[in-house]
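Colleague: To start, I am sharing the structure in question, which I have written as structure tokens.
What follows is calculated from the coordinates using simple rules that are stated; it is not laboratory data. As the structure is a computational prediction, the values presented were derived from the model and not from experiment. Neighbour counts are summed over all protein chains in view; Cβ atoms, including those assigned to glycine, are modelled from backbone coordinates with ideal geometry.
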């Protein structure tokens, strides 16, 4: 497939009529061809109208038909071959191995949802059978299952050009749920988006689905995104990006005549707690692990460890020596976009200029534009508690270590934090009691709590939670990674007193989908 | 127990220091003693602080301990005896049998949640075991369960002084989830609320729970409610009431530094579709069933059938004759409050004055204040589609029948409706195909779809959905009745790499709670 600069409005490849933009190779600041044009308001409406038209048929497809569709998307993405990896490398500055891994994860994610669809638990079928003789009133037959919300607007993320963009987690879970997806490509990787969009379009055609099941729009500013979220045919939104961008979408979604849910994953500094015994016993290993996690992918992960809490003392001093040694050898890595690099530099400068903050060490300086020079700073608990600005995420390989004198301060520090995607405990057996006492507070703050691991690396599985209290996400009741993410796009409907022939397959007495239903309070085995 | 006019801030019975108000007997417009005083801002904050303080211990109680607490509440309510029914009758104008039935439902609801807690499926335990040898990267051990959101603000409803007030569905599901509840009593039945509040307080003490698990506040205007929703320690809101009130709470919850979910059940006209064959075959029976459902409890149900869609013709004419005959014999019933009666009268007057609307019949006029004279009006499809004002709920025993010429119009009529709690089909075998074609559209509009039944009457069970798209509720992904309502107050947390001893009971290898877990994608049987 070759790049055309065209969007996909349903099955049609069309040029946008809005403002022009190009991808930029962040390693060189060179513009990349072809030119892309943003969607006009009319084009946004066309995509939404097609999605709405497709919804009637698409939501009536069987779970296995949708599973086959997701698998077809994975195959089509794999068939793009190295052209996809090469374009993604040019647009994002990410290395080949990372993008190959991300492609594998993207396809595995689609196939995992296919498996989830076939297993059927997501339908959550509940049947309470009629009790015509019950006193004082008979009970009618009542049957519940989950149905899709409607067309979903998906916003591609800058930092996962494959796994959280055009055919990434939000799109996969929306399509799995039975919701058409209208994707707004991230402006930083339009070529990658176009290639993946073409792959999805092929799968739509191959599976004989209505064309409106998938559209791909471009747009350089916020206009296309806000138009999409404001369209009455869009019923939910998936977003990963900045706090400002996420909050603007939440505001727009709430201001509609019919408000809709927004699943925005926005901001997290992912506190790591270094407990005394662990710090004493294996400070060097922890320092190495920390620097590796901090600098992975130039720190451009939502779960990057941006905050460490550690007890003041000799063990911490030794830890910091190793951190500095490690960090000084870290080469500068290309960041995703000039804008992200500018924001990183500004965040780092603000930390460096803060009177209560000291630099521990820096990575190697970069050679060329948009290089991320890794940074670690240190402050103390009082300063951190006194200034909310120190709680702000600096997206990239920058971290702040907060040293405290007394373990009682840790609870105060945790209570002062905003909601987080993750919280990590580095502990040894002697730290168990202290850790145990903090666990309830940690669970209030974070969607995922880790022991003796690093938060970068998010497994796509049943038990994953990539979510957390505000502002980590706009909806702490959800996860955007893992099979439970399908729930974001579902709602329950109860059918009462239906003759069997009018019931959808999932609710029929004969159980043609082979589900384990909850019947009169008992789970079928 | 005797009425004291006092609120409950945790275990302490205290007088409000805000403005004074009395309950009113709507049958006579007489004020009822004692006087009640609204909570001050400080008192609201005290209740929230106690709830927050209680949350640490309460959320760590076992499911069976919480189940025992809910059962203790039910016992304490039953122990109030007839004094509760008498006070509720005086405050609401509802008849004795209805209130006795509602008390039974309230206690059954508490006991149903106890059963749900013990069954444990609400914890949704998912375990993905470590795969240390996996290539290219090992998989860590990941375990997910649901945890409570935090203290919940519950707003008592005017029309269910027991089942959706102080110890009603919202409170029961919040307490079941592990969330302390701060209840704002509805101003129309403070005495009923005080009695039930005392019963809950007794159960809190009997079960040895922290006092902040439950507080009961009074407040005549919106100030107390908005103060509650704005308090940073409140993490979710349950509300049943007017559209204006619900939207104000949603706005307040979204404007917080940390937005929180609001489950507001607001407005529904509950369309009933009379299909041709059913109307032809059993129009008289349908007319009787309709009038009975319409006038039940003076029509003061969220699921009252306020809209009928029926094909023009001789069968409809006969149906209307019976409706008129039945309605003219319906005695006027006392409405819940003077305000509700005024709003009903204004709504009925607006329909009567509408140039495209004709009155079919009225019930008997009332003798005394606040009597609901039942009303049925008729219009045609064009007029209904042309004027959104005709889609507005008139809370009480008033309905509008929309006659259409062509079955193709029905889809237009449905598409034009806002979201609904229920949609009802009255059909015979010859109507199946027409009904089948409309089912997808009906499921988009309503949380519950009924066949050959009437929407009043909401079963408390696993399969019930009392919810629906906006503005029926503020969150179509939820139900406020039935065991699935517990989900409103839960969020998932994933624990990664935890040693068994640090895991909560629900996630331990030995499975001490006896749950059927999802392990490596397979459900335990």
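Colleague: Within a 10 angstrom radius of each residue's Cβ in B:439-445, how many Cβ atoms of other chains show up on average? Whole number is fine.
Modeller: Mean shielding by partner chains, rounded to a whole number: 5.
Colleague: While we're here: Put a dot 7 Å past each Cα toward the Cβ at residue B:432 and residue A:75; how far apart are the dots in nm?
Modeller: Roughly 3.7 nm, to one decimal.
Colleague: Please give the contour-minus-distance gain from residue A:364 to residue A:64: 0.36 nm per residue of separation, less the Cα-Cα distance, rounded to one decimal in nm.
Modeller: 102.9 nm
Colleague: Provide Rg and Dmax in Å for the range B:415-510, with only Cα atoms included in the calculation.
Modeller: 19.4, 63
Colleague: Right, here's the next one. Students often get this wrong: which residues of the range B:156-195 have the backbone nitrogen under 14 Å from the point 7 angstrom along Cα-to-C-beta of residue B:57?
Modeller: Backbone N within reach: B:180.
Colleague: Relative to the longest principal axis of the C-alpha atoms of chain B, give the angle of the C-alpha long axis of helix B:63-79, reported between 0 and 90° and rounded to the nearest 10°.
Modeller: Once rounded, one gets 50 degrees.
Colleague: How well do other chains shield peptide B:277-286, expressed as the mean number of their Cβ atoms within 10 Å of each residue Cβ?
Modeller: Across the residues of B:277-286, the mean count of other-chain Cβ atoms within 10 Å is 0.
Colleague: Right, something else. Kindly rank B:508-520, B:115-127, A:76-88 from highest to lowest mean number of other beta carbons found within 10 Å of each residue.
Modeller: Answer by packing, highest mean first, reads B:115-127, A:76-88, B:508-520.
Colleague: Further question on the same structure: Would you give the gap between the C-alpha center of the range A:343-392 and the C-alpha center of the range B:332-356, rounded to a whole Å?
Modeller: For the range A:343-392 versus the range B:332-356, the Cα centre distance is 64 Å.
Colleague: While we're looking at this one, here's another question. Can you list, shortest first in nanometers, how far residue A:524 lies from the same residue in the other copies, with each label 7 Å from Cα toward Cβ?
Modeller: 2.2
Colleague: I've got another one for you. Please give the helix A:96-119 orientation as an angle from the longest Cα principal axis of chain A, in degrees from 0 to 90, rounded to the nearest 10.
Modeller: Orientation of helix A:96-119: about 40 degrees from the principal axis.
Colleague: If the chain between residue A:104 and residue A:223 were fully stretched, how many nm would it gain, using 0.36 nm times the residue separation less the Cα-Cα distance?
Modeller: Separation in residues times 0.36 nm, less the Cα-Cα distance, equals 39.6 nm.
Colleague: Along each of its three principal axes, how wide is the spread of alpha-carbon positions in the range A:228-274, in whole angstrom units, largest first?
Modeller: Answer, in whole Å and largest first: 48, 16, 13 Å.
Colleague: Kindly state, to the nearest 0.05, the FRET efficiency for residue A:288 paired with residue A:382, given R0 = 35 Å and r defined as their beta-carbon distance.
Modeller: 0.75
Colleague: Distances from residue A:251 to the same residue in each other copy, label points 7 Å out along Cα→Cβ, in nm, shortest first?
Modeller: Ordered by distance, the counterparts are at 1.6 nm.
Colleague: Round to the nearest 0.05 the FRET efficiency obtained for residue A:508 and residue B:416 when R0 = 45 Å and r is the Cβ-Cβ distance.
Modeller: Calculated transfer efficiency: 0.90.
Colleague: If you don't mind, another one. Could you please point out the chain B residue with its Cβ nearest to the axis of the rotation taking chain B onto chain A, and the distance in whole angstrom?
Modeller: Spelled out, residue of B and its Cβ distance from the axis onto A: B:525, 2.
Colleague: Whole angstrom only: what separates the Cα centroid of the range A:11-49 from the Cα centroid of the range B:2-60?
Modeller: Taking the Cα centre of the range B:2-60 as reference, the centre of the range A:11-49 is 58 Å away.
Colleague: Is chain B best put as rounded, prolate or oblate by its Cα gyration tensor, with a ≥ b ≥ c the root eigenvalues, rounded for a/c under 1.5, and otherwise prolate when a/b is larger than b/c, oblate when not?
Modeller: Oblate.
Colleague: Would you calculate the separation in nanometres between label points at residue A:1 and residue A:129, each defined as 7 Å from the Cα along the Cα-to-beta-carbon direction?
Modeller: Placing both labels 7 Å beyond Cα along the Cβ direction yields 5.0 nm.
Colleague: Now a separate question. Mean separation of Cα pairs under 8 Å and 6+ residues apart, divided by the residue count of the range A:271-451: what relative contact order is that in percent?
Modeller: RCO, the range A:271-451: 28 percent.
Colleague: Next question, about the same structure. Need the C-alpha centroid separation for the range A:209-262 versus the range B:398-439, integer Å.
Modeller: 31
Colleague: Taking a label point 7 Å out from Cα toward Cβ, give me the nm distances from residue A:429 to the same spot in the other copies, shortest first, one decimal.
Modeller: Result for residue A:429, in nm, nearest copy first: 7.5.
Colleague: Sort B:406-415, B:263-272 by the packing proxy (mean of other Cβ within 10 Å over each peptide's residues), most packed first.
Modeller: B:263-272, B:406-415
Colleague: So how tilted is helix B:314-328 from the main axis of chain B? Cα-based, degrees 0 to 90, rounded to 10.
Modeller: With both axes taken from Cα atoms, the answer is about 80 degrees.
Colleague: When you have a sec, figure out the Kirkwood radius of the range A:93-150 from all distinct Cα pair distances and drop it here in Å to one decimal?
Modeller: 15.5
Colleague: Give the dimensionless ratio obtained when the Cα radius of gyration of the protein assembly as shown is divided by 2.2 N^0.38 Å.
Modeller: 0.96
Colleague: What is the mean number of Cβ atoms from other protein chains located within 10 Å of the Cβ atom of each residue in peptide A:127-139, rounded to a whole number?
Modeller: Across the residues of A:127-139, the mean count of other-chain Cβ atoms within 10 Å is 2.
Colleague: Hey, how much of the P(r) for the range B:271-451 falls beyond 31 Å, as a percent of Cα pairs?
Modeller: Across the range B:271-451, Cα pairs with separations above 31 Å total 10 percent.
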